[in-house]
1. Identify all residues within the stretch 271-313 that are assigned to a loop (DSSP other than H, G, I, E, B) and touching a strand residue (DSSP E or B) at 6+ places or on another chain (Cβ under 9 Å); write none if there are none.
2. Taking the conditions exactly as written (surrounded by fewer than 22 Cβ atoms within 10 Å (Cβ to Cβ) and either within 16 Å of the ligand (Cβ to nearest atom) or polar (S, T, N, Q) (or both)), does T161 satisfy them or not?
3. Looking at A163 and the list (1) within 24 Å of G359 (Cα to Cα); (2) in a helix (DSSP H, G or I); (3) more than 23 Å from the chain's Cα centre (by Cα), which single condition is not satisfied?
4. Suppose we keep only residues that are under 24 Å from G150 (Cα atoms) and basic (K, R) within the stretch 374-427. Which one would you say is surrounded by the fewest Cβ atoms within 10 Å (Cβ to Cβ)?
5. Restricting attention to the stretch 269-309, which residues are buried (at least 19 other Cβ atoms within 10 Å of the Cβ), closer than 12 Å to D327 by Cα and charged (D, E, K, R)?
6. If L424 satisfies every condition in (1) without any contact (Cβ under 8 Å) to a residue 12 or more places away in the chain; (2) closer than 23 Å to T161 by Cα; (3) in contact with a helix residue (DSSP H, G or I) (Cβ under 8 Å, 6 or more places away or on another chain) but one, which is the exception?
7. In the stretch 314-370, what residues are among the hydroxyl-bearing types (S, T, Y), outside any loop (DSSP other than H, G, I, E, B) and buried (at least 16 other Cβ atoms within 10 Å of the Cβ)?
8. Pairs only if they're at least six apart or on different chains, beta carbon under 6 angstrom, first in the stretch 67-80 and closer than 23 Å to S12 by Cα, second crowded, with 17+ Cβ neighbours inside 10 Å and among the hydroxyl-bearing types (S, T, Y); list them, first residue then second.
Amino acid sequence: MWAGRFKKELDSRVNDFNSSISFDSRMYRQDIRGSMAHAAMLARQGIITAEDANAIIAGLGGILEDLESGKLEFDHSAEDIHMFVEAELTARIGEPGKRLHTARSRNDQVALDIRLYLRDEIEEIEKLIIGLLEAIYDKAKEHTATIMPGYTHLQRAQPITLAHHILTYAQMFRRDIGRLDDAGRRMNISPLGSCALAGTTYPIDRESVAMELGMDGVAENSIDGVSDRDFAIELAAALSIIMVHLSRFAEEIILWSSSEFGFVTLDDAYSTGSSIMPQKKNPDIAELVRGKTGRVTGSLVTLLMVMKGLPLAYNKDMQEDKEAIFDAVDTVKICLELFTKMFATLTFNKEAMRRAASGGFIAATDCADYLVKKGVPFRDAYKVVGQLVAYCIEQGKTFEELTLEEYKSFHPGFGGDIYEAVDLENCVSRRKSSGGPAPESVVAQLESLKKFIDSRKQP
Ligand code: ARG
């Protein structure tokens, strides 16, 4: 390609080191689409003839078709997808092919391709998150009355319902969609026309190309147009946060599927056995999701480190952006898909949750509140209930199993209505504060989630 300036062939090891086609070939559709729009604009502006533009566009169409059908294969000795397509075009149509790169550089071309590629991926990822939200919605709807202990420090704390617990994850994933929307908006700006870095002397029309590509505007500064990778970093950050959410969710499922908890049973299709221990049923999907969180976060750090300290404008270092962001995208997609399937097919063991809720004195706050209502100052009530819990542990009893005499021996304020006060269903249904676990508050959460899902599924 640069035969004019060089007298020797490139060392083949250097060629391999320099080449990005093994990983940027996946952007072939975006590369071709961008080139078609560019060629059409060049003709509209009278920079090339309409005949040349038509030949270019038809030639590119043929290349696209042949790549899709597998008739044409990528040449792995090419430097990158941009060089490959241009060389193939010129081989096919001759002279007009050599006019395509007028008023353009691979620097603005690659910046465009990645934006177009990631823009489509964001849409796919959002759809996968909606699928997960639907699974969460279905499970939550089924379990608005399933009592379980809510935890702090992984110690049984206060009674909640399973619906309330898992709807927490719906909130996280809704925010994730918001972050993806934001990243997508800032990404959808065309750098084309920035050329190598300093724009061009040709009378190009950048806006019409951007419009044709479905973009919301053009980069205002040509140097920024080719040197910015914020959009990839921002997406990697949003993806890392998604993985952190999936990982927390995965961790709970791993924990809950242990014999110690026994809260969930995984479907056989979404769990694995052990090669030596016949009794084992392992939560591999959840564990891999948790593990791959490190990988996606690693991509974010890679991107930040690649960009750190780069002088303006384009530098070859930036070719390192693609493997990192593509791997993050691929990883998040497969994790969302499989996690959703695993979650949708698992069964919750209500009885085990109920047992855990009964055994943990999680109505202790309610018991103290009971005394407060009888006029006892909260700190005194807190102390009485603490003594009561210590007594129960000693005697191997739960609150429900204590006799009224036993209650009264700790405080004269206890009456027959204490049993109702520490009843777990009552404890939950009294927590009607908005955002709380009472069934009516949870119904409001479910409605809000349903509305959100529906609004995202409008065509
Ligand atoms: N393969 C290159 C990349 O991914 C394309 C841009 C190359 N530009 C250049 N001036 N060498 O960054």
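Where a number appears in this text, it was derived from the coordinates with a stated rule and is not lab data. Predicted model, so just to flag it, every value in this text is computed and none were measured. Here the Cβ is made from the backbone with ideal geometry for all residues, glycine too, and neighbour counts use every protein chain on show.
1. So the first thing to find is which residues in the stretch 271-313 are assigned to a loop (DSSP other than H, G, I, E, B), and the list is 271, 273-281, 283, 308-313.
Result: S271, G273, S274, K280, K281, P283.
2. Details: surrounded by fewer than 22 Cβ atoms within 10 Å (Cβ to Cβ): no; either within 16 Å of the ligand (Cβ to nearest atom) or polar (S, T, N, Q) (or both): yes.
So T161 does not fit the description; no.
3. (3)
4. The qualifying residue surrounded by the fewest Cβ atoms within 10 Å (Cβ to Cβ) is R379.
5. If the condition is that a residue be buried (at least 19 other Cβ atoms within 10 Å of the Cβ), closer than 12 Å to D327 by Cα and charged (D, E, K, R), then K292 is the only one that fits.
6. (1)
7. Initially, the stretch 314-370 is screened for residues among the hydroxyl-bearing types (S, T, Y), giving 314, 331, 340, 345, 347, 358, 365, 370.
Going one step further and asking which of them are outside any loop (DSSP other than H, G, I, E, B), we end up with 331, 340, 345, 347, 358, 365, 370.
T331, T340, S358, T365, Y370 - these are the residues of the stretch 314-370 that are among the hydroxyl-bearing types (S, T, Y), outside any loop (DSSP other than H, G, I, E, B) and buried (at least 16 other Cβ atoms within 10 Å of the Cβ).
8. Between residues of the stretch 67-80 that are closer than 23 Å to S12 by Cα and residues that are crowded, with 17+ Cβ neighbours inside 10 Å and among the hydroxyl-bearing types (S, T, Y), the close pairs are F74/S25; E79/S19; D80/S20.
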